[in-house]
Structures are given as structure tokens and as C-alpha cells.
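Presented below is the structure to which this report refers.
FYI, it's all coordinate maths here, none of it is from the lab. Just so we're clear, the structure is a prediction, and the values are computed from it rather than from any experiment. Cβ sites come from the backbone with ideal geometry, for glycine too, and all protein chains shown count toward neighbours.
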């Protein structure tokens, strides 16, 4: 499990437009990465729109980048981004390799049935690539509250 102070696992993933976004290319800026299970579902929309609504506060002076990540395909992400007017990139991790590397992929349970899926989480990555905050298994509203408090 990742800890504060660890190197953040590097990644290169496609965003909603099909462009590659690499963590290494964002060095020198803070990166707020939030993992969510599925675009356009109620909890995920609450979380994503919360970051949209606080975007200006969280990204002052262009020193912080916000990224969402899920197993959804770019086309679905593009539709959701447009519908909700999300001002940041959404990353597609259909093989959940990055989600797994961050500890945001694991066993879940619903109605007594166990399955593998995204564990809602968020991470703050410093300008040097080190983890500044790690929040695994967090509610949509708490994710927003903690991000605003941490980055604000």
C-alpha cells in the first residue's frame, strides 16, 4: 500500500480526447488524482462536479492539475466531461493497471456479492513526484472536503 512520501507510480494513459497524459510530464506541478468507479453514476458525478465547482480554488496560479481516473473508455469519458462541464482531464485505465498500482483497485462487496472494482480514492502528488496525501476508500463528499482543505 502506498504511503505519504513514496514515489507516485508513473503512468501514461489516454484522456477523454484520446491524447496521452503522463505523470512524468507534469513534474513541477502538484497533481490531484481521484479514482472513481464509473462515469455518469450518482456518486461519481457528485465527486467530479465537486472538483469542478472548486476547480478555481484548487488550481490557483496554475500550480495544480486535477485528473480523474476510471476504467471507462475515452468516448464515455468525453461524453460525461461535456455533459457535466468538467474543466479537467479524465483518464481511461480499462486494464486497471494504474488503479492497481495506486491501491485503488480491489475486492468490493454489494448485496453479499464480492467482485473486483475501483475503490474510490484520491492522491495528492507533489511537484517532485512524491505522494503528499493518500486517501483510500473515501466517500465522494469527503474526497471533495479533504481535497479543498489540503490544497486550499
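Once you have a ≥ b ≥ c as the square roots of the Cα gyration tensor eigenvalues for segment 13-89, tell me rounded if a/c is under 1.5, and otherwise prolate or oblate according to whether a/b is larger than b/c. Don't skip to the end; give the middle numbers.
Details: a/c = 1.90, a/b = 1.23, b/c = 1.55.
Verdict is oblate for segment 13-89.
Taking other Cβ within 10 Å of each residue's Cβ, how do 69, 4 sort, fewest first?
Values: 69 28, 4 12.
With the fewest neighbours first, 69, 4 line up as 4, 69.
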Label-point separation in nm, residue 27 to residue 149, each point 7 Å along Cα→Cβ
3.3
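Which order do 76, 137 fall in if you start with the one that has the fewest other Cβ atoms within 10 Å?
Working: 76 17, 137 11.
Starting with the residue having the fewest Cβ neighbours, the order is 137, 76.
Which peptide among 8-19, 54-65 comes first, and what is the full order, when sorted by highest mean count of other Cβ atoms within 10 Å?
Working: 8-19: 16.8, 54-65: 13.8.
For the peptides 8-19, 54-65, the packing ranking is 8-19, 54-65.
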Which of (1) 35, 26, 22; (2) 28, 19, 13; (3) 21, 18, 16 gives semi-axes √(5λ) of the Cα gyration tensor in Å as computed here? It is (3)
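Looking only at the chain, where both bridge partners belong to it, what percent of the DSSP beta bridges are antiparallel (to the nearest 5)? Write out the running numbers ahead of the final one.
On the way: 22 of 32 bridges.
Bridges in the chain are about 70 percent antiparallel.
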Taking a point 7 angstrom from the Cα of residue 19 along the C-beta vector, which residues in segment 38-68 have backbone N less than 17 Å away?
62-68
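On full extension of the chain, what length is gained from residue 1 through residue 46, given 0.36 nm per residue of separation minus the C-alpha to C-alpha distance?
Numbers: separation 45, 0.36 × 45 = 16.20 nm, distance 2.64 nm.
That pair, residue 1 and residue 46, stretches by 13.6 nm at full extension.
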Extending each Cα 7 Å along its Cβ direction at residue 141 and residue 79, get the distance between those two points in nm, one decimal.
2.9
Compute the length gained on full extension between residue 100 and residue 60: take 0.36 nm times their separation in residues and subtract their Cα-Cα distance, giving the result in nm to one decimal.
11.4 nm
Ranked list, fewest to most other Cβ atoms within 10 Å of each Cβ, for 49, 44
49, 44
For segment 79-110 and segment 1-30, what is the separation of their Cα centres, given in Å?
13
